[in-house]
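What follows is a short report on a single structure.
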Amino acid sequence: MADKPTMTTSAGAPVSDNQNSITAGERGPVLLQDYQLIEKLAHQNRERIPERVVHAKGWGAHGVLKITGDISKYTCAKALQPGVETPMLARFSTVAGEQGAADAERDVRGFALKFYTEDGNWDLVGNNTPVFFVRDPLKFPDFIHTQKRHPRTNLRSPTAMWDFWSLSPESLHQVTILMSDRGLPVAPMFMNGYGSHTYSFWNEKGERFWVKFHFKTMQGHKHYTNAEAEEVVGKTRESYQEELYGAIDRGEFPKWKVQVQIMPEADAEKTAYNPFDLTKVWPHADYPPIDIGVMELNRNPDNYFSEIENAAFSPSNIVPGIGHSPDKMLQARVFSYADAHRYRLGTHYETIPVNQPKCPVHHYHRDGEMNTFGGIKTGNPDAYYEPNSFGGPVEKHAVKEPPLKISGDADRYNHRIGNDDYGQPRALFNLFDEGQKNRLFSNIAAAMGGVPGEIVERQLAHFDKIHPDYGNGVRKALKEAHGYEPNAVPVTGKTPQQAAE
Ligand code: NDP
């Protein structure tokens, strides 16, 4: 048998005994000088780091993005040129549940991707839905508070959720997707992913195009009904981890067809909807999806904590050829995600191996907690400021992004005035067959249990505006589930059951 390596302290000294603490006599107390005991306990106390405020429960794997289509006329991004293969990391997640939450819960799924390109890391931090509940980042913390625990009861609050949604009709599109079949996928490989925001491409001529990213599951869509999910959760809380880890372990590598929708820059002034509104899609008939390649996940992490819990995805990570857009939510996330990582993982979170670019990195940031990259990344100790005469790294004008042509007076524009919040949910509702519609109605009714009648009625009025069949379908399902009477005059503070009495 090969010699086993000697166990050492974290300072590298050999450990003589890892079974017995140092005690004063065989039956006496332990001594403070048993530093290895203290070190072990101290490490254990520090094993957890703050969980993500949202998207705490996640599952991930490594893979590759292979580009087969030719979109070089839209973007000079090296990772998106024909034939290029880029290593990548994916992390999927639920939004609301804590780290120990069950996987098979009805919730939007995060679909976060990090592409290690030769021009640096490009992160696409999307969801399994093409839209979101709010379009203005000022509402994001309020929305998330309604999804998390009530401060007094420490329970999730359907009242808070429906109160917020019914007062925020821009949420209708996402609420309809969440309550539809696609709101409860069987596992990450059976759902689509979307960049969700509008980003931009720019080409070598400096022309800009607006772009939406789509990742279409090649395993087919698979969903649980609420009843099926209840059964699954009763048996295992880790069904996504089991499915994703198991499939990759067996060599059944999940794949997604990668598509983009391209909008010429000037069209943004003309579309009937705001193309930078995160509650809207671009209809395929107007901007047809273009196939550009395939994303495959083919390697499980060796260490979940190091490679998935420590993974830091941020829409701030873009590379030459890819730009942002005026999408307000995107602009807030550009700040907010990187800031969340600084808080959760530390200032130098991008030096954690899973977050490190696979290309050379040269910058002038210095010092700080856990600065493990050897001081300053300029290659010369005298080059610690810029400009300098000591051969330090310099900017490269050739990768300058073309100007973002935006003009307007700074103001707080009311995003609810003149914005059609009903047309696109209607287009989706019209795609559903009878069975899908009925499951939508019953899922909504189930989620409304205990919600005061006034809030229920406010929400029903929105569903009516999407389609009378939508509102009436939910009314009928509410009656079946809770005995709720459609014509009952709602009273503030009454639950549907109370309002029905
Ligand atoms: P299309 O019929 O051209 O496109 C339909 C899109 O809807 C496809 O991407 C399809 O995804 C998706 N879809 C089909 N069935 C469902 C379902 N039951 N739940 C959720 N998504 C579904 O229509 P439009 O482009 O005009 O869009 C109509 C509506 O479809 C939109 O209002 C939006 O709600 C929804 N949608 C649109 C998307 C877009 O980018 N235009 C993207 C996703 C949804 P798949 O190909 O995977 O089946």
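No value in this document is a laboratory result; all are computed from the given coordinates. Being a predicted model, the structure only gives us computed values, none of them experimental. Counting neighbours? That spans all protein chains shown, and the Cβs are built from the backbone with ideal geometry, glycine included.
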Review point. How many angstrom separate the Cα center of the range 156-196 from the Cα center of the range 246-270?
Key: 20
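With charges set only on the Cβ (+1 for Lys and Arg, -1 for Asp and Glu), what does the dipole of the range 432-482 come to about its Cα centre, in debye to the nearest 20?
Details: 7 positive and 7 negative charges, 10 e Å.
Taking the Cα centre of the range 432-482 as origin, the dipole is about 40 debye.
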Check your understanding: Rounded, prolate or oblate: which fits the range 1-149, taking a ≥ b ≥ c as square roots of the Cα gyration tensor eigenvalues, rounded meaning a/c under 1.5, else prolate when a/b beats b/c?
Key -> oblate
Check your understanding: What net charge do the residues around Thr236 carry, taking every other residue with its C-beta under 11 Å from that of Thr236, with Lys and Arg at +1 and Asp and Glu at -1?
Key -> -3
Exercise for review: For the range 217-325, just say rounded, prolate or oblate: build the C-alpha gyration tensor, square-root its eigenvalues into a ≥ b ≥ c, call rounded for a/c under 1.5, and beyond that prolate if a/b exceeds b/c, oblate if not.
Suggested key: prolate
Revision key, fill the gap. extent check for the range 329-380: Cα max minus min per principal axis, descending, whole Å, gives 39, 22, 20
Check your understanding: What residues qualify as long-range amide H neighbours of Val125, i.e. H under 5 Å apart, gap of 5 or more or another chain, H built at 1.01 Å from N?
Key -> Leu113
Review point. So what is the 222 nm mean residue ellipticity for the chain from helices alone, if each DSSP H run of at least 4 adds -39500 (n - 2.57) and you divide by all residues, rounding to the nearest 500 deg cm²/dmol?
Key: -8000 deg cm²/dmol
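With N set to the residue count of the range 287-388, report its C-alpha Rg divided by 2.2 N^0.38 Å to two decimal places. Write out the running numbers ahead of the final one.
Details: Rg = 16.9 Å, N = 102, 2.2 N^0.38 = 12.8 Å.
For the range 287-388, the normalised Cα radius of gyration comes out at 1.33.
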Check your understanding: What Kirkwood radius, in Å to one decimal, follows from the Cα pairs of the chain?
Key -> 25.5
Review point. So who's got an amide H within less than 5 Å of the one on Gln219, skipping anything under 5 residues away but keeping other chains? H placed 1.01 Å off N, in plane.
Key: Lys255
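Given an 8 Å cut-off on Cα distances and at least 6 residues of separation, report the relative contact order of the chain as a percent. It would help to have the intermediate numbers written out before the result.
Working: 910 pairs, mean separation 78.2, N = 501.
The value is 16 percent.
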Practice item. In debye, nearest 20, what is the charge dipole magnitude of the range 152-263 about its Cα centre with +1 on Lys and Arg Cβ and -1 on Asp and Glu Cβ, if you could check? Key: 300
Exercise for review: For the range 1-57 and the range 430-489, compute the distance between their C-alpha centroids and round to whole Å.
Suggested key: 56
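Please identify every one of the trypsin sites (Lys or Arg not before Pro) in the range 267-305 that sits in a loop by DSSP and has no more than 13 other beta carbons within 10 Å of its own beta carbon.
On the way: sites: Lys270, Lys280, Arg299; in loops: Lys270, Lys280.
Here the trypsin sites (Lys or Arg not before Pro) that fit, given the DSSP loop and packing criteria, are Lys270.
What trypsin sites (Lys or Arg not before Pro) does the range 117-200 have in DSSP loop regions with at most 14 other beta carbons within 10 Å? Could the numbers behind the result be given before it?
On the way: sites: Arg135, Lys139, Lys148, Arg149, Arg152, Arg156, Arg182; in loops: Arg135, Lys148, Arg152.
Answer by residue number: Arg152.
Taking the convex hull of the alpha carbon atoms in the range 263-334, what volume per residue do you get, in Å³? Provide the component values of the computation, followed by the final result.
Details: hull volume 11.1 nm³, N = 72.
Each residue corresponds to 154 Å³ of Cα convex hull volume.
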Study note, to complete from the structure: Summed over the other residues with a beta carbon less than 15 angstrom from that of Asp17, with K and R at +1 and D and E at -1, the charge totals -2
Review point. Given charges of +1 on the Cβ of Lys and Arg and -1 on the Cβ of Asp and Glu, with all other atoms neutral, how large is the dipole of the chain about its Cα centre, in debye to the nearest 20?
Key: 400
Point to revise | Between the range 58-79 and the range 275-290, the alpha-carbon center distance in angstrom | key: 20
**Study point:** Charge-dipole axis of the range 44-163 as Lys and Arg at +1 and Asp and Glu at -1 on Cβ define it, positive-most pick from Asn128, Ala160, Phe140
**Key:** Ala160
Study note, to complete from the structure: In the neighbourhood of Arg426 defined by beta carbon distances under 11 Å, the net charge of the other residues (Lys, Arg +1; Asp, Glu -1) is -2
Study note, to complete from the structure: Interchain or sequence-distant (5+) residues whose placed amide H lies within less than 5 Å of the amide H of Ile322 are Trp202
Review point. Which percent of the Cα-Cα distances in the range 432-482 go past 16 Å?
Key: 32
